[in-house]
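The values are calculated or read from the model by the stated rules, or taken from the named source; none is laboratory data. Note that the structure is a prediction, hence the values are computed from the model and not measured. Here the Cβ is made from the backbone with ideal geometry for all residues, glycine too, and neighbour counts use every protein chain on show.
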Amino acid sequence: MTEASDFRPLPAVTGTPMAHLRSEIPAVFRQMASNWPAVSTWSFRHIASLAPSLPVQLVQGNREKNHTAFTESTLGEYLDSLTGDSLSGESPDRDDRTYLKEFDLLKRFPGLRGDLRHEQMFPRGSLTSCSAWIGPARSRTGLHHDLLDNLAVQIRGRKRFYLARPGTVERAGALSAKYDAWARLSHVGIAELAAADSATSDDFFAVDLEPGDVLYVPARWWHEVVNLSAGILLSGFFGSTMRVTSLWARVRLRDTLHRAGLLSPGNCTCHADRPGAQHR
């Protein structure tokens with residue numbers, strides 16, 4: 001696993017995310033969400049007990065950088081498998097870990113909204129979308145940047161974010177042709193990108209999140225994410241009504257072309273790879 005010491009540490013800031021947004025620079029707010037009931041009550045067993053037989057689709061491996069593959073399970077079976085999960089005893093080179101990504105936890109279980117205080121963090125009038133990322137130690141989201149700003153809240157476990165400035169992947173010629181509706185992908189990982197001739201040490205940061213920490217990731221900032229232990233993270237993507245509406249029109253057009261087989265057919269994060277798909 002890439003070491004955080006290879007990158008500049010992202011310093012913690014004080015205040016609120018709303019006061020920091022205009023800087024368009026990533027920021028970590030230590031323990032901002034530590035008083036949320038979710039941080040103390042959302043165990044894997046608790047969430048599993050809400051609907052243990054609910055079918056869930058799991059991402060297998062690093063679909064952003066490598067092939068896209070899915071497997072099926074139930075919420076109860078999967079979350080039970082995460083209890084006691086840690087970094088010990090497993091090869092760091094394994095790339096078959098399953099990950100419950102972009103899970104609409106709050107839509108499935110609206111009663112959990114009462115355990116959050118996330119509305120307090122977003123600018124007034126924002127349109128927001130909240131998803132959960134639940135997985136074991138060493139499960140990974142490959143290097144990408146999102147089209148919207150994100151406030152990531154660590155609920156359970158520990159997670160490491162590697163971040164790179166906008167334009168870093170582009171200068172290295174590492175943009176991927178792989179399709180993702182709301183993100184752009186890199187065909188190299190963060191370690192390979194940092195070793196590129198075009199890279200400078202000022203371009204790269206790393207930060208470890210503990211339960212209750214909140215990380216602001218501006219749109220277009222590249223990031224790769226790895227679980228240091230089994231964990232739960234909530235991603236809150238947000239933007240003004242005008243920005244989200246404009247982006248939604250473009251995303252919908254691209255998605256229509258993709259699903260019609262006219263844009264990156266068989267080479268995407270939303271469908272399992274077909275033979276011969278090219279990821280560069």
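Go through the stretch 99-134 and count every residue that is charged (D, E, K, R), under 20 Å from LEU247 (Cβ atoms) and not in a loop (DSSP other than H, G, I, E, B). Don't jump to the end; show me each part of the working.
Residues of the stretch 99-134 charged (D, E, K, R): 101-102, 104, 107-108, 113, 115, 117, 119, 124.
With under 20 Å from LEU247 (Cβ atoms) added as a condition, the list becomes 102, 104, 124.
Now restrict to residues that are not in a loop (DSSP other than H, G, I, E, B): 102.
Residues that pass the stated criteria total 1.
Conditions tested, residue by residue: (1) of a type in the set (Phe, Trp, Tyr); (2) surrounded by fewer than 20 Cβ atoms within 10 Å (Cβ to Cβ); (3) modelled with pLDDT of 95 or more.
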| site | (1), (2), (3) |
| --- | --- |
| LEU87 | no, yes, no |
| GLU90 | no, yes, no |
| GLU102 | no, yes, yes |
| LEU105 | no, no, yes |
| PRO110 | no, yes, yes |
| ARG117 | no, yes, no |
| GLN120 | no, yes, no |
| PRO123 | no, yes, no |
| LEU143 | no, no, yes |
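Looking only at the stretch 187-197, decide whether some residue is of a type in the set (Val, Ile, Thr) and under 21 Å from GLU102 (Cβ atoms). Within the stretch 187-197, one or more residues are of a type in the set (Val, Ile, Thr) and under 21 Å from GLU102 (Cβ atoms). Looking across the stretch 5-31 at every residue that is farther than 21 Å from ARG220 by Cα and small (Gly, Ala, Ser), the one that is modelled with the lowest pLDDT is identified as SER5. For the stretch 241-266, taking the residues that are of a type in the set (Gly, Ala, Ser) and free of Cβ contacts under 8 Å to residues at least 12 places away in the same chain, the one that is surrounded by the most Cβ atoms within 10 Å (Cβ to Cβ) is identified as GLY266. Considering only the stretch 162-175, I want to know if a residue exists there that is among the hydroxyl-bearing types (Ser, Thr, Tyr), crowded, with 19+ Cβ neighbours inside 10 Å and more than 17 Å from the chain's Cα centre (by Cα). Yes, that holds for at least one residue.
Against the conditions (1) touching a Ser or Thr at 6+ places or on another chain (Cβ under 7 Å); (2) part of a loop (DSSP other than H, G, I, E, B); (3) under 25 Å from GLY266 (Cβ atoms), HIS144 satisfies every one except (2).
Taken together, the residues in the stretch 8-55 that are assigned to a loop (DSSP other than H, G, I, E, B), of a type in the set (Gly, Ala, Ser) and free of Cβ contacts under 8 Å to residues at least 24 places away in the same chain amount to 2. Screening THR83, THR168 for residues that are out of contact with any Ser or Thr (no Cβ under 6 Å at 6 or more places or on another chain) and closer than 30 Å to LEU263 by Cβ leaves exactly one candidate, THR168. Residue pairs whose Cβ atoms lie under 8 Å apart, separated by 6 or more positions or on different chains, with the first residue in the stretch 59-75 and farther than 25 Å from ARG45 by Cβ and the second part of a strand (DSSP E or B) and hydroxyl-bearing (Ser, Thr, Tyr), are ASN62/THR141; GLU64/THR141; GLU64/SER186; LYS65/SER186.
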